[in-house]
Amino acid sequence: MTDKTAKMNVTSFRPVRAPRLAWSFFRIGAMNELQYRSNFFLQLLQSVLTLGAGLVGLAVVFGRTTNLSGWTRPELLVVMGVFTMVGGITNTFVVPNMQKLVEDIQRGTLDFALTKPADAQTLVSVRQISIWRSVDILTGLIVLIVGVVQLGDNNNGIKGATSLVMLLLLGSWTIYCFWLILASSAFWFIRVNEMQELFQGLFRSGQYPVRIYPGWMRFGLTFLVPIAFAVTVPAEAATNRLTGITVVVALAAAALFGIGSRWIWRTGLRRYSGASA
Amino acid sequence: MTIPPARIQVEHLEKVFAVPVREAGLRASLRSLVHREVREVRAVNGVSFTIEPGEVVGFLGPNGAGKTTTLKMLSGLLQPSGGKATVLGYEPGCRDPGMLSRLALVMGNRNQLQWDLPAMDSFELNRAIYRIPRPEFVEMRDELIDLLDIGELVTKPVRNLSLGERMKVEIAGSLLHRPTILFLDEPTIGLDITMQKRIRSFISEYNRRYGATVVLTSHYMADVQALCKRVIIIHHGNVLFDGDLATLSQKFAATKTVVVRFEQMNTSTANEVGVPDLSRYGTVVSVVDGAVSLSVSRDQVASITAQILSEHSVLDLTIEDPPIDDVIERVFADGVSGEAVPGD
Amino acid sequence: MTNTVTEIVLQDQIRASRWRSMISLYWMLAKTAMQARFQYRASNYFYMIGMVVEPTIYLVVWRTIAESSGGAVGGYTAGTFAAYYIVWTLVRNMNIVFTPFGWEIRIREGELSGQLLRPVHPIHYDLGFFIGWKVIVIVLWIPIAAVLSLAFHPTFDPSIEQCIVFFVAIWGAYLIRSMLLWVLGMITFWTTRVSALFEAYFMAELLLSGRLVPMTLMPGWVQGLSWFLPFRWTFGFPITALVGPISKTELVVGVLAQIGWVLFGVLLVKVVWRRGIRKFSAVGG
């Protein structure tokens with residue numbers, strides 16, 4: 001055993017290792033998937049079709065009215081764009097890992113995560129990637145830009161763009177934490193797959209700003225399933241509707257979900273390794 | 001009303017596949033976009049035989065020999081490229097319901113029963129599919145349950161059964177309509193010895209009780225030896241031998257295998273492994289755990305055996321026919337001409 | 001009892017009464033499906049609740065528009081929108097049939113071969129099984145509809161004829177979609193590169209069926225186009241049959257259109273199946 005390995009085995013988890021780990025997995029995952037070029041076209045088609053359906057929906061809506069609960073058409077385009085982008089980010093980086101995690105828990109093949117010299121949560125969260133789903137990020141961005149341009153003076157300019165990006169990342173982080181909680185429930189429940197499907201269905205509600213939904217729905221879609229933080233809040237940044245309170249609440253939610261998900265993960269992991277001992 | 005006899009007649013049956021060929025490399029990939037190159041694979045190359053009702057016949061041959069392809073053609077799953085086949089008086093390719101309700105094709109690890117439900121429920125479903133009148137259905141079902149000893153298994157969801165248990169239940173499900181022709185493709189694959197034996201004895205009993213014609217393919221010689229009087233050896237799509245097992249051995253086995261177990265070593269001729277060197281008596285096939293297998297030509301068996309017994313201290317000595325696999329390999333090697341070698 | 005005697009009796013009775021055995025088969029298929037599906041109660045519910053999200057979104061959006069446009073838009077009030085989208089959930093479930101994407105797996109894993117060995121056309125398995133699912137779905141749907149009604153206050157007042165036509169129409173929709181999606185799936189016999197085609201089909205269906213919005217809210221040319229396609233007859237028609245507003249003539253026209261599409265679907269299945277099986281048994285098996 002060389003000095004270097006000795007050092008690696010002795011040091012405990014360091015936050016800085018996560019990005020490097022993520023990058024290695026990303027490279028391998030990307031190289032693997034890039035082989036299947038036909039998947040790119042298929043994904044592009046799917047992305048365009050889904051987005052197209054959403055836009056058609058918007059077109060029909062705005063054929064009959066000029067604003068929806070105070071949101072104008074360009075603003076809704078921004079929301080649709082952010083929605084698609086967040087979907088792309090989630091489906092590329094988060095969902096593949098979480099689905100694999102559930103599989104591993106159900107099959108009992110999670111042991112590898114417990115025996116590597118890196119934090120288990122990081123490992124299971126970065127090892128897979130669905131690179132072709134990132135097409136959604138691109139198509140969503142296009143729609144977003146179109147919406148922002150159409151807003152003209154009503155958008156926030158550079159300040160809006162920066163806060164959009166930051167809140168987007170924050171919101172994606174919150175969604176990731178939620179997904180982790182969902183996947184971790186596999187430590188206790190057997191049939192988690194349907195819960196995942198349910199969430200994917202619920203996520204669609206993000207294509208419209210959460211504020212238009214009735215009170216009880218709004219509450220659920222903000223604090224139970226953090227779709228509001230993932231989509232509506234970043235969209236508000238770009239459409240100049242952002243308030244200080246919203247930002248604070250978003251930060252608090254991200255922190256709470258982060259801590260909560262980590263706690264649930266660790267509890268579940270203990271249960272898992274206890275069970276298989 | 002006449003019931004068609006459970007006879008299988010095959011004349012010059014052929015099956016040719018067109019397999020796309022593509023070499024590695026960028027240029028080949030580009031070329032393949034424009035011009036698809038195809039290679040002809042003759043899976044079955046003019047096979048002929050007749051199987052009379054009630055016979056139990058084994059198809060033997062290495063992987064890719066054409067056994068499964070032939071079975072599929074005989075059950076209507078695959079259309080022949082040439083030749084003619086008649087099963088139960090029907091042409092299999094027409095997939096006449098009259099034929100389908102009288103035959104069964106059981107493939108090793110296929111699941112046809114409902115996964116989440118007890119086998120009993122799937123049996124009821126099969127009854128409806130095959131339109132089996134209730135009294136006959138109940139009688140057959142109970143007989144099968146008895147023969148296969150699956151009484152306790154049929155009330156458990158299929159997903160909770162082990163592989164061997166599942167096989168038994170699947171077989172039961174496939175026979176509820178009391179087929180008179182049974183095609184079995186590798187029926188004992190992946191099962192442990194006990195289970196293999198049970199399945200074999202079941203097949204033999206089914207044939208005896210219902211007079212069904214059974215054609216089975218297998219890798220396991222034990223299956224064939226236990227069940228089949230008649231063997232059809234298929235290789236490269238041709239019939240190399242069609243006759244009974246005993247004739248096969250006689251005709252093609254020029255040697256016998258002498259297996260000698262030793263008590264103590266004769267130190268002057270001991271080799272590193274710790275058993276005496278017997279290579280001057282014949283060809284040493286293997287040395288395993290102090291037992292030496294020796295291949296000796298048939299006419300010399302008696303004298304060699306006597307020599308070994310007198311010159312060494314022997315614990316145990318047996319004389320066996322060579323493994324049928326070896327015999328068959330020889331058949332493959334010798335029967336390259338492609339003509340059927342008839343048995344007696 | 002000798003074997004030959006048993007066999008004679010057996011084969012004799014097999015020929016008797018084809019209709020009765022068909023009904024018995026469907027009953028067994030549906031029963032088996034119900035039994036198998038019933039075990040997964042929780043997952044059924046998750047699945048259905050997830051499905052309810054889509055119409056709820058549409059409902060909220062259009063209700064908002066109706067309210068801000070003076071109570072109604074395109075002839076629909078908030079109440080009738082609620083009715084439309086709640087009935088939507090049932091019709092959506094009735095429309096679920098064997099997915100064309102499943103054909104590749106079915107062929108690859110030998111399930112189709114297993115089906116071909118039996119003396120029954122494989123389409124009956126799908127039709128029968130899914131009927132069983134539908135029964136469970138209908139039962140599970142009732143509480144969901146109740147909850148949605150409490151939340152969104154639908155208004156509708158169907159006549160007896162409307163109810164009858166609705167009941168017929170949802171099964172007509174089931175048959176039509178079963179046939180058409182079977183034909184789509186059978187394309188897999190010729191090529192496995194079908195995903196794009198399926199996606200495009202479903203997208204067209206989404207826009208032209210009344211699933212996104214009631215067809216009367218779509219521009220004229222879209223409505224015109226949808227008359228000639230099966231989509232509106234499988235989705236929009238059953239909903240409007242129950243929810244209204246719909247005239248007696250339109251009810252009759254709708255039923256006739258469904259019958260036409262069912263017949264067309266059956267014919268298409270027959271033709272494509274014969275060709276498809278020929279192709280399959282030339283190479284596959």
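Read-outs throughout are calculated quantities, based only on the coordinates presented, and are distinct from any laboratory measurement. Bear in mind that the values here come from a model prediction, so they are computed numbers and not experimental data. Glycine also receives a Cβ, built like all others from the backbone with ideal geometry; neighbour counts cover every protein chain displayed.
Observations
- Among C:Trp190, C:Trp19, C:Trp273, the largest mean-square fluctuation in a Gaussian network model of chain C, built with springs joining Cα atoms closer than 10 Å, belongs to C:Trp19.
- Cα-centred dipole magnitude for the protein assembly as shown, charges only on beta-carbon of K, R (+1) and D, E (-1), debye, nearest 20: 2900 debye
- Both numbers refer to the Cα atoms of chain B; Rg and Dmax are 24.6, 79 Å.
- The alpha-carbon positions of the protein assembly as shown define a convex hull whose volume is 241 Å³ per residue.
- Most fluctuating residue given options C:Trp141, C:Trp233, C:Trp221, as computed from a GNM of chain C linking Cα atoms under 10 Å: C:Trp221
- Of the residues C:Leu212, C:Trp273, A:Val79, the one whose Cα sits farthest toward the positive end of the charge dipole of the protein assembly as shown, with +1 on the Cβ of Lys and Arg and -1 on the Cβ of Asp and Glu, is A:Val79.
- In degrees, nearest ten, helix C:78-94 long axis to first principal axis of chain C (Cα): 10 degrees
- Residues whose amide H lies under 5 Å from that of B:Val56, counting only those 5 or more places away or on a different chain, are B:Val214, B:Lys229, B:Arg230; hydrogens are built 1.01 Å from N in the peptide plane.
- Projected onto its three principal axes, the C-alpha set of chain A covers 68, 42, 37 Å, listed from the longest axis down.
- Computed over the alpha-carbon pairs of the range A:37-79, the distance histogram in 10 Å steps reads 26, 40, 22, 11, 1 percent, short to long.
- Site pair B:Val288 and C:Thr192 shows an inter-label distance of 3.9 nm when each label is modelled 7 Å from Cα along Cα→Cβ.
- Remark: the range A:16-276 carries a charge dipole of roughly 380 debye about the Cα centre, counting +1 on each Lys and Arg Cβ and -1 on each Asp and Glu Cβ.
- DSSP-defined antiparallel bridges as percent of all bridges, the protein assembly as shown, nearest 5: 70 percent
- Within 10 Å of each Cβ in C:203-216, the average number of Cβ atoms from other chains: 2
- Cα pair distances exceeding 33 angstrom across chain C, given as percent: 30 percent
- For the range B:93-224, the alpha-carbon radius of gyration amounts to 0.99 times the rule-of-thumb value 2.2 N^0.38 Å expected for a compact globular protein.
- The Cα center of the range C:225-248 and the Cα center of the range B:166-225 differ in position by 55 Å.
- Chain C: calculated mean residue ellipticity at 222 nm from DSSP helix runs of at least 4, using -39500 (n - 2.57): -25500 deg cm²/dmol
- Set B:Lys67/B:Lys156; B:Lys67/C:Lys279; B:Lys72/B:Lys229; C:Lys31/C:Lys270 screened for pairs whose C-alpha atoms are more than 28 Å apart: B:Lys67/B:Lys156
- For the range A:23-55 versus the range A:120-191, the spacing of their alpha-carbon centroids is 16 Å.
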